[in-house]
Each structure stands twice: as C-alpha cells, then as structure tokens.
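What follows is a set of notes on a single structure, which appears directly below.
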Amino acid sequence: MPQEGKSGINAPMSSSKSSHGHHWPIVIALVSGAAAAVVLQPFVSPAEGDPAAWAGKIIEVCRFFADLFLRALKMVIVPLVVASIISGIAGLKSLDGFARMGLKTWAYYLFGSLVAVCVGLMFVNLVQPGLVDGAPNPTLRAAMDAALESEEAGEVGEIMKNAEGGTASLVDIVRRAVPTNVIDACAKGDLLAIIMFSILFAVAMVLVPGGPPRALQDTFNQLTDVMTLITTWIMKFTPYAVFCLVIPAIATVGLGVLHNLVPYVLTVAGALLFHLLVIMPLVLRFIARVRPAAHFRNMEDPLLMSFSTASSTATIPVTMRSLMENSKVSEKVASFVVPLGATVNMNGTALYECVVVVFAAQVLGIDLSLTQQFIVVLLALVSSIGVAGIPAASLVAIIIIMQNAGFSEDMIKASLGLILTIDRPLDMARTTVNVFGDTVGAVLIARSEGEDVDGRVA
C-alpha cells in the first residue's frame, strides 16, 4: 500500500541501496566461519582433557563480539516495533478490515504450525532415527544414560522448573497480552504485550475526534525513520557478526556425539527442509499467488540472519526491512505480522518438538500409539504459542509434551541431555524456518488485502 502523506519507514529505505546483492558478504562470512570452526573444533572439544587454552580464548572473543551485535539488534527492536505499528496503523484513513487482517493472521499461524507438526511426525515415523532393525538403538540408549550424568542434564533440570504448571492456556496467553505496566513490558522485551498496547494506542489515535493528532503522528513517523537508520548502521557489521556467531556454534559440537546422532539430525533437517522448500512454496504459489523463487530472493537477508543468530526476535528489523523494501509489503502489514509472528508463530520449533519427542520414545522403547502421537501433535501446536514468552521456550515445550506422553523425569533429563549437545545447529535451522514462515504470512496477508507485492502471479 502506498504510504501517502507521511515519511514512514520506507523513506530511509528508498534512499538506500536495495538489499539485493548485499548478501554475498554474509554468505562468505558464514562459509569462512564454518571452515574456521571445523579447523578449531579438535582443539575446542578434544577427545580427552580440557580444551586448549588458546582455542577457548578464540571462542570467548567470538562470543563477545557476537553478543555485542545481538544486543545492538535487540536494542532497536522495542522502539522500532512500537513506532512502526503506531505509524502504520495511524496512517490509515479508516480501520475497515483491520480486525479481518488480525483474524487472517492468526488463522495462518495455526494452519502453518499444524502442517509443520504433521510434517515432523511423518518424517520421524518414516525414518525412525531412534531404531535399528525395529529395536531401540543401543548406542543411543547408552549415550542417553551417559547424558543423564552430564552437565546438560543438570541444565535440563533447571529448565524443568520453568515447565511446572504446564503449557500456558489460552486465558494465560490473553492475560500476558495485557500488561499491567507497559514500561515494564518494554524493559522485559515482552513483545506480545508491546504489540497489543501499540495496536490499541494506534487505533485510539485513528478514532480520536478530528483524526490522528498531526504532531503525534509525525513523532512516530520520524521515530520509525530514526530507528530504521540505526538498524541500517548495525547491519553494516552483519558479516563480521555472522563470522563470530558461527564459530562457537560449530566448534563446540562434539564429533563423536554427532556421529551417533546422524540419523536424528538428518530427520530433523529433512523435515525442516521439506517444510521450507515444499510446503511454504506451495502456500506462496497457490494461496498467496506469489512466485516462490522471487520471494526467496527477496528474503535472502532474513534467511541468512536468522540462521546465523538463531533468534527470530533479533531478526525482526531485518525481516521488516526486507518485506517492505524488497517485497513491497505495506508497513501496516509488516509491522503487525512480523513482530507477532516472531512471538507466537513457530513453525520450525513446533516441527522440531514433535520429532524430538517421538525420537526419544523410539530410543527409550516407549511405544506411542496413534492416539498418543495425536496428543503430541496437539501439544506441540499449543505449546509453540503457549510458552513462547519464557526462557528456553522450545525445551520447556518439549518437557511439557514428554510429561504428558508418560516420560519419567530421568527419561526427560537423559533425552534432552543428549539432544542439547547438537541443539545449536538445529536451533539455527528451525529458526530459519520460523522466520521464513513469518515472511510467507506477511506476503499472504498483504495479497489478501489487495496489495501489489513483488513477485505476484497475475
């Protein structure tokens, strides 16, 4: 939608170079970081003894600079989300269809997550990564027993405290969306509460007698432009940050553990790729009526950023920028769908949760009936939304699902203690699917609202 009569977020973008073609430095950084990590890995995680001191220092330095970059990105998220939502909605002449857009968005979230969970269930039952000749894999079972005494199991024990009380109910989710103190919500980065308050504030601006106060509207328009410019400055450091992010993620993975978990890793990766490269393109082509190749090209930067950072939230500024600058999605749609999607739309995570639970059941010799697997599907669907606002959300969700599937506490600790050793690379992959699902949703909603997005099919 054209943004007439306001500066808006598109103003600084239109004056800057397009992000098309700017992904190559990030790709080079990703590849070179992975290569450096492979060379470093034997010294970081030796078969016996402590890691080499110099290798540990390199990892520490990389983590320091990567953390600075992520903190800088997170720094702009709250003001950018608030300003862009308010400026986008307040710039509307009327609120006709706004509620309709919200319903479409939630319907897409539920549909996407359900399909993703079903894809995960299909792959894990077809491949059966936890079985050998139809029986539990003895090597993996032994590895689970060893993991029960590992540091990762202790970490799982701490996370299990967050899972007490089970998955948040719909009532709890609604309650979380209404902050008692909006300043405190901003300080904590509670995006769901921030989004709801911003929408309410913007709607009130539109409905106030005489229309949105011009001075107030201009303030949020200018704030959006300023935060976008700051984001542009931060993004100049992306290649260096990606290099620093990738090295610890790969170098700290034990090769021996990875060898044992190859079937599991391939199952997760295969399911995620199927959802990313088959399901989502079908949605784009036949529902959104957008060429998948064009959309992938437009979303190069968010895909690379989400894979590198393993954070949907940290990728929000990049995702919004690419959607509006490359795909020509309106600020109204992008500012609503992307932050909300980063909070509650977890396609990749829901898929991953399903695979983990069934895989662990296979290794432990737990026979999950079709009814129990259906319950796993429902719990994975609900938990991907219900625990989104708490630390280690995916692990908490997995714990909740396992508890409801009949896993004992020791079984849960053993399973996740083993899985945590390879979780970082898989986290990068599932975050990429999460973010791409958000972008597909934004384009789909934009097209349903009559917007002329890039790559549309006549």
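The values are calculated or read from the model by the stated rules, or taken from the named source; none is laboratory data. These numbers come from a predicted model, not from an experiment. Positions of Cβ are generated from backbone atoms using ideal geometry, with glycine treated the same way; all protein chains shown enter the neighbour counts.
Miscellaneous remarks
- Lone unmet requirement of (1) in contact with a helix residue (DSSP H, G or I) (Cβ under 8 Å, 6 or more places away or on another chain); (2) of a type outside the set (S, T, Y); (3) at pLDDT below 90 for K93: (1)
- Candidates L255, L284, L277: the one that is modelled with pLDDT of 95 or more and surrounded by fewer than 17 Cβ atoms within 10 Å (Cβ to Cβ) is L277.
- Members of segment 402-412 found to be closer than 11 Å to A360 by Cβ and either more than 23 Å from the chain's Cα centre (by Cα) or free of Cβ contacts under 8 Å to residues at least 12 places away in the same chain (or both), listed by number: A405, F407, M411, I412
- Within segment 173-198, residues that are within 19 Å of V337 (Cα to Cα) reach partners that are among the basic types (K, R) and in a helix (DSSP H, G or I) with beta carbons closer than 8 Å, at six or more positions or on different chains, in the pairs G189/K74; D190/R176; L192/R176; A193/R176.
- Residue in segment 379-391 that is surrounded by fewer than 20 Cβ atoms within 10 Å (Cβ to Cβ), modelled with pLDDT under 85, closer than 30 Å to Q41 by Cβ and touching a helix residue (DSSP H, G or I) at 6+ places or on another chain (Cβ under 9 Å) present: yes
- Taking first residues from segment 354-377 that are free of Cβ contacts under 8 Å to residues at least 60 places away in the same chain and partners that are assigned to a helix (DSSP H, G or I) and not aliphatic (A, V, I, L, M), the Cβ contacts under 7 Å between residues at least 6 apart in sequence or on separate chains come to I375/N404.
- Some residue of segment 197-207 being within 20 Å of the chain's Cα centre (by Cα) and hydrophobic (A, V, I, L, M, F, W, C): no
- Failed item, numbered, when F111 is tested on (1) outside any loop (DSSP other than H, G, I, E, B); (2) over 29 Å from the mean Cα position of the chain (by Cα); (3) closer than 30 Å to F336 by Cβ: (2)
- When A271, A202, A294 are checked against the criterion of being at pLDDT 95 or above, crowded, with 23+ Cβ neighbours inside 10 Å and part of a helix (DSSP H, G or I), a single residue qualifies: A271.
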